[in-house]
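These notes are about the structure you will find just below.
The values are calculated or read from the model by the stated rules, or taken from the named source; none is laboratory data. This one's a predicted model, so the numbers in the text were calculated from it and none came from an experiment. Reconstructed Cβ throughout: ideal geometry from the backbone, glycine too, with neighbour counts over all protein chains shown. Heavy atoms of the whole protein, side chains included, go into the accessibility calculation; ligands, DNA and RNA do not. Shrake-Rupley method; radii C 1.70, N 1.55, O 1.52, S 1.80 Å.
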Amino acid sequence: MEWTDAQAAKQASKGNQQAFRVLVERHSRAVFRLAFRMTGNEQDAEDVVQETFLRVFKQLHTFDQRAAFGTWLYRISANCALDLLRARKARNEQQTPRGDEAALHWLDHVAARDPSPERVTRSRQIAGMLEPALNRLSEVERTAFVLRHYEGFDIAQIAEALGVGAGAAKHSVFRAVQKLRRALQPAWEVGAG
Amino acid sequence: MIHLEEEQLVHAYYGESDSLFKQHIEQCPDCRAAYQRLKEILDSVTGYPVPERNQAYGAEVWARLTPHLPLARPPAVWQRWWVLGPAFAALLAIAFWAGVLTEHRQAGISVTARQRVLLLAISDHLERSQILLTELSHANAEHADFSFERTTARDLLTENRLLRESALRAGDIADAGLLDELERVFLNVANGPATLSANDLEQIQQRIESEGLLFKVRITRTDAREKGQKL
């Protein structure tokens, strides 16, 4: 019989490593995606994945079995990524996490769906502008935006993940969108012109 | 007519507006146009690509995790061999680097080469520090004899001080700060008794946990190695 997340979490909290293994193998890819979107860097994302599951293992006894395991896990993962981003900032080594290769990969991806010259030009613009724009967000704004836009968290879940009130979470999403919009707007102006 | 604020349009995009706002967007040409512009931009970033991880990825993560889980601790003999050999090599490297700095014999070695040696020495040191921190994080008071951990902490302490000094001289404040945090933990363990009480152990574990030391060590170790290899 296949364990549900709640069953596996309950067993794992009692020290059953096989149950914990089920959770790790089931959720690793999703945690990696979240971590990558938050950090923009593959190696950092791998570090976040590992740290997330180590923290989960230590904190399993605090997990409320009535809650959704995925939400709890992503909250921990988002916090790990936040810690990493803050550590990076403290080290004052904000590298450019994604190079031209990633931008071109994205360009191919977008262009393949809609190869009209105008869209290709715009996609090229956006590919080059998005990562720097994301890097200019504060850690909290980037986390709020990734959780809202890519992970589909609602405001209450984002607030819980960030440890802030709903109003602050909502405002963080707005600020992130506002900054991204301003940063990406020129791609539309070029396309229109 | 009063138009919607940008924030209201953003919340409408994410489906967090009430029906009145949605109705307004449908009926007001200006707001509809503004909403469309916002939607185009937000839709355009949805395709943000993430490197693929295949089906075996979960198993790979598990394999990386198991050495760090409490029930899968490696045997002490293996650790001693693993820890001490590289530690001597690192000490030699650090001493060499520190000697170069203090004696100003800069003619024979480039700045880049010195930076490379320092970064790789920091990376090696942090790797061994990570093992000790992991051990301490997962230890329980029933594990009565901490004499091996104490010896390891003393070895690491010497190395740590040299590296912290070198990092400071090289202007690497962030690494020096991390090494300073590590030094406080090593001091506790190195100067503590071979048999730690549950309370002592808990304090050490809380310090490691509350400062996120293990995570910082892992990040910095990776950074230092990558940068050192690139030089």
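Each of A:38, A:129 has its accessible area taken with a 1.4 Å probe; listed largest first, they run A:129, A:38. Ordering B:125, B:24 by accessible surface, largest first, gives B:24, B:125; the 1.4 Å probe counts only protein heavy atoms, with every chain in place. For region A:16-33, list residues with backbone N below 16 Å from a point placed 7 Å from the Cα of residue A:4 toward its Cβ? So the set is A:23.
A Förster distance of 60 Å, applied to the separation of the beta-carbon atoms of residue B:23 and residue B:66, puts the FRET efficiency at 0.60. Over 26 Å between Cα atoms, which of A:179/B:230; A:58/B:216; A:170/B:39; A:179/B:39; A:58/B:230 qualify? Table pairs above 26 Å Cα-Cα are A:179/B:230; A:58/B:230. Label positions at residue B:191 and residue B:115, each projected 7 Å from the Cα along the C-beta direction, are separated by 3.6 nm.
The B-A contact accounts for roughly 5300 square angstrom of buried accessible surface, both chains included, probe 1.4 angstrom. Charging the Cβ of each Asp and Glu at -1 and of each Lys and Arg at +1, and nothing else, the dipole of region B:146-231 about its Cα centre rounds to 280 debye. Extending 7 Å from Cα along the Cβ direction at residue B:151 and again at residue B:226 yields two label points whose distance is 3.6 nm. Stretched out straight at 0.36 nm per residue, the stretch from residue B:52 to residue B:210 would grow longer than its current Cα-Cα span by 53.6 nm. Placing B:184, B:154 in order of accessible area, with the largest value first and a 1.4 Å probe, yields B:154, B:184.
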